[in-house]
Amino acid sequence: MTMTTKPVDNGVNTEALIGAREALSQAPEAAEFTWRASCTWAGGTYSRTKIEGFSGLGQEHSHRQVFTYEADHPECFASEDRGATPVEHVLSALASCLTAGVAAVAQYRGIQLRSVTSTIEGRMNVLGILGADPEVRNGFNAIDVRFNIDADATPDEIEALVAQSQKRSAVFDIVTNPTNVSVNVG
Amino acid sequence: MDTTTVVIGAGQSGLAMSHRLTERSIDHVVLERGEVANSWRHERWDSLRLLTPNRESRLPGWRYDGDDPDGFMAVPEVVTFIDSYAAAINAPVLTGTAVTRVETSSRGYQVTTTGGVWNCEALVLAGGAANLASIPSLATAVPVSIDMVTPMTYRSPECLHEGGVLVVGASATGVQLADEIQRSGRTVTIAVGEHVRLPRTYRGRDIFWWMDAAGVLDERHDDVDDLVRARHIPSPQLIGTPEHRSIDLNSLARLGVEIVGRLCSIRDGVAQFSGGLANGCRLADLKMSRLLDRADTWAQETGIDVEDAPLRFQPTSVPSDPTLEIHLHRQAIGTIVWATGYRPDYSWLDLPVLDRKGRIRHDGGVISDAPGVYVLGGNLLRTRRSSYIAGTEQDTYELANHLHEYLDRHACVKAKAC
C-alpha cells in the first residue's frame, strides 16, 4: 500500500517569504519599510483615508489600486454612521493580521486549512473619551479574539498556529506594546 | 613567545579542549584572565546550582564520581570539579593573563596579553558566552534612586536595597532569583516575555534524562529549523535543588510573585509591560507539551519500563487582568534585576569575524572567516547539549579533529610539500 499526500495549499507562498527573510538578513537596510495613509475630513466625524503607496526594499511601491477607508461615529454618538468607527478599524486590522498569520504559519507547517473565522471584541468604557472620568483610559480595556479553525490538524496544532501567528503579528505587537507617536501640524 | 595553539579561557570548555589537544600532542597554552573556572568563582550568585544532574557533569575523560548522581552541584562543587580536572589533565594554564588583542600575523594569529605576546597557528575562543550581562537600552530610563543588579553582581536577597523588586526576564535565572527573593520576604514582580517551561521531573525521571534518551540533546545545529532563533531561546525554567522541585510561573504565583508581561518601556518613572503575556505563556505550555509528547512516544516505541504514566501539567495560569504599568516610585520598587541574558565580550578580537550584531559568524564552532580559529560554548554551538557542561565532550572532540586537520594542511602548505 502506498500513501499519497496531497500538497498543502493555503494560497501563501512561504518559499518566497523564507527567501525574503534570508535576503533581508544579509541586507538589513532593505528591511526598513514605511507604511503610509492620508486622511481627509469630510464633515462631522466623517473622514476618508486613502492608502496608495509605501516604501521598502530600498524603493517606492504602489498598491495595485488606491484603497479608501471611511470612518465615522454611530448615531448614538449623534453622528451619521457613514463608516465604521476608528476603533473598529483597529479590531479589523488585528483580526486580519492574525488571520494572515494563521494562513502563513499553517502553510509553513504543512497544515491544510479549510476555514478560518474569528470574532473580535474590544471592551471600552466611553467615560474615558468623553472626558468624564480621568481614571478611565480612552482605549480598550481589553480585546478578546475567538478563532474557529477547520484544518487537518490536532487541537494542539491549531492552538500552536494561533499562538505563533500572535507572536509574529505586527498589529498584535502594536496594540499590546507602547509605540512612540509624534503628531505635528503643518 | 610561540606555540601552535592558543586556547583563551580556562573554564570547562577551554580545559576540555586543552585535554583534546594534549591527546593529539598539539603544543598549546591556555590563557586565563583570572583563575581556573573564574566566572563560576566570581560571577555567580550564592545559591546557584547547576541545571543538569550530576550524572550529566562530564568532561573529556572525567566524570562525576560522587554518591549522588541525581543531585545538582552547587557552585563551590562546580569549581572543585573543574579545578580537579585542570590538575588531572595537567593543563598548561597561565592564570592572571588577560587577552587584550587578537589579530592576524605572518604565522597565523598574534595574541597580545597582559603577560606578553603569543604567536600561534590556531586559536580557540573558550572565554564563554556569558562574560557580560546583556541589559536592554531602556535601562537608561530607570530613575537613579532605583538600584540595578545583574545576575553577575547579585549574590543574595540580603544584599538588595529596601523595597520591592522587579525581576526582568523569565529564563532559569529570572525565575530562580524571583523565587528566592520572594521567599526572603520581599515583594517581587517578574516581567515575562518568551520563555521555556519544563518540569524538573517527568514520569519519575529527571527531564534531562528524557531529553538525553529521546535524542533532544543530540539535535545538531545544522538540523535546526531556525538556528539564529534557536540560539537565542532563553534557558529553561528549571532549578537544581535537593528536593528536585519544579519552578515555573505557576509556582511563583503561588508564592505571591506578581506576573506581568515583557517590559516594553520606562517613561517618567513608569514601567510599561506588554499585553501579550497570555500568548507567551500559551506558546511555552504548548512547547512543553510537544516535548513531553516526544518523550512519551520515545518511551512507547522503545518499550522502556517507566513506572509512572504520562501526564500533562496544568496550563500556566495567567492573571485575567495583568498589570500593564507600574509606577516605580509609588509602588516602592527599590531594585531592578536584569535577568535578560548574557553576551560574550569580543572587544579585544580584531578579526573580521563578527556579524552586524557583534556575534561571531561560525558553523558549529568553525570560523571560516579566520581559518584555524574556533569558538566554544554558547547555546546550540553544535548540538542542544552544547549549552551544558556535558556538551564539551563531543564539541571539543569534533573541533579538535577539525583543528588537527587544519594544522596538518597548514604545515603542508607552508612546507610546499604537497
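Can you find a residue in the range A:153-161 that is away from every other protein chain (no Cβ under 13 Å) and at negative phi? No.
Taking the criterion of being out of contact with any helix residue (DSSP H, G or I) (no Cβ under 7 Å at 6 or more places or on another chain) and either more than 10 Å from chain A (Cβ to nearest Cβ) or closer than 24 Å to A:PRO178 by Cα (or both), the residues of the range B:264-287 that qualify are B:CYS264, B:ASP268, B:GLY269, B:VAL270, B:ALA271, B:GLN272, B:PHE273, B:LEU277, B:ALA278, B:GLY280, B:ALA284.
For the range A:124-138, the set of residues classified as exposed (fewer than 14 other Cβ atoms within 10 Å of the Cβ) and either touching a helix residue (DSSP H, G or I) at 6+ places or on another chain (Cβ under 9 Å) or not in a loop (DSSP other than H, G, I, E, B) (or both) consists of A:VAL126 only. Restricting attention to the range B:374-389 and to residues that are aliphatic (A, V, I, L, M) and in a loop (DSSP other than H, G, I, E, B), the residue that is modelled with the highest pLDDT turns out to be B:LEU376.
State which residue is farthest from the other protein chains (Cβ to nearest Cβ) when the search covers only the range A:174-183 and only residues that are out of contact with any strand residue (DSSP E or B) (no Cβ under 7 Å at 6 or more places or on another chain) and surrounded by fewer than 17 Cβ atoms within 10 Å (Cβ to Cβ). Here the residue is A:VAL183. Determine if the range B:10-22 includes at least one residue that is modelled with pLDDT of 95 or more and surrounded by fewer than 21 Cβ atoms within 10 Å (Cβ to Cβ). Scanning the range B:10-22, I find at least one residue that is modelled with pLDDT of 95 or more and surrounded by fewer than 21 Cβ atoms within 10 Å (Cβ to Cβ), so the answer is yes. The criterion of at least 3 residues that are over 30 Å from B:PRO69 (Cα atoms) is met, among helices (runs of 4 or more DSSP H) falling completely within the range B:166-265, by B:227-231. Against the test of being surrounded by 15 or more Cβ atoms within 10 Å (Cβ to Cβ) and either part of a strand (DSSP E or B) or without any contact (Cβ under 8 Å) to a residue 24 or more places away in the chain (or both), the options A:VAL116, A:VAL90, A:VAL102 yield a single qualifying residue, A:VAL116.
Within the range B:266-287, the only residue that satisfies the criterion of being in a strand (DSSP E or B), crowded, with 22+ Cβ neighbours inside 10 Å and of a type in the set (A, V, I, L, M) is B:ALA271. Assess whether B:ARG33 counts as being part of a loop (DSSP other than H, G, I, E, B) and either touching a Cys at 6+ places or on another chain (Cβ under 9 Å) or farther than 30 Å from B:ALA213 by Cβ (or both). For B:ARG33, the condition - part of a loop (DSSP other than H, G, I, E, B) and either touching a Cys at 6+ places or on another chain (Cβ under 9 Å) or farther than 30 Å from B:ALA213 by Cβ (or both) - is met. Determine whether B:MET152 is under 22 Å from the mean Cα position of the chain (by Cα) and part of a strand (DSSP E or B). No: the conditions fail for B:MET152.
The residue list B:LEU238, B:LEU217 contains one member that is assigned by TED's automatic domain parsing to the domain that holds B:LEU198, within 15 Å of the chain's Cα centre (by Cα) and over 23 Å from B:GLY280 (Cβ atoms), which is B:LEU217.
Among residues that are surrounded by fewer than 17 Cβ atoms within 10 Å (Cβ to Cβ), basic (Lys, Arg) and either outside any loop (DSSP other than H, G, I, E, B) or within 14 Å of chain A (Cβ to nearest Cβ) (or both), B:ARG290 is included. If the condition is being free of Cβ contacts under 8 Å to residues at least 60 places away in the same chain and within 21 Å of B:ALA129 (Cβ to Cβ), then the range B:1-52 contributes B:VAL36, B:ALA37, B:ASN38, B:TRP40, B:ARG41, B:HIS42.
Condition (residue is touching an Asp or Glu at 6+ places or on another chain (Cβ under 6 Å) and either closer than 25 Å to B:GLY341 by Cα or among the aromatic types (Phe, Trp, Tyr) (or both)) applied to the range B:163-184: is it met by at least one residue? No, every residue in the range B:163-184 fails to be touching an Asp or Glu at 6+ places or on another chain (Cβ under 6 Å) and either closer than 25 Å to B:GLY341 by Cα or among the aromatic types (Phe, Trp, Tyr) (or both). Test B:ALA299 against the stated conditions and say whether it is away from chain A (no Cβ under 12 Å) and surrounded by 14 or more Cβ atoms within 10 Å (Cβ to Cβ). Yes.
Of everything listed in (1) out of contact with any Ser or Thr (no Cβ under 9 Å at 6 or more places or on another chain); (2) surrounded by fewer than 19 Cβ atoms within 10 Å (Cβ to Cβ), the single unmet condition for B:ALA170 is (2). Residues in the range A:158-186 that are of a type outside the set (Lys, Arg) and in contact with a Gly (Cβ under 8 Å, 6 or more places away or on another chain): A:GLN164, A:SER165, A:GLN166, A:SER169, A:PHE172, A:ASP173, A:VAL175, A:THR176, A:ASN177. Go through the residues of the range B:391-398 one by one and say whether even a single one is surrounded by fewer than 22 Cβ atoms within 10 Å (Cβ to Cβ), in a helix (DSSP H, G or I) and among the β-branched types (Val, Ile, Thr). No, because not a single residue in the range B:391-398 is surrounded by fewer than 22 Cβ atoms within 10 Å (Cβ to Cβ), in a helix (DSSP H, G or I) and among the β-branched types (Val, Ile, Thr).
The values are calculated or read from the model by the stated rules, or taken from the named source; none is laboratory data. All figures in this text were calculated on a predicted structure; none of them were measured in a lab. Positions of Cβ are generated from backbone atoms using ideal geometry, with glycine treated the same way; all protein chains shown enter the neighbour counts.
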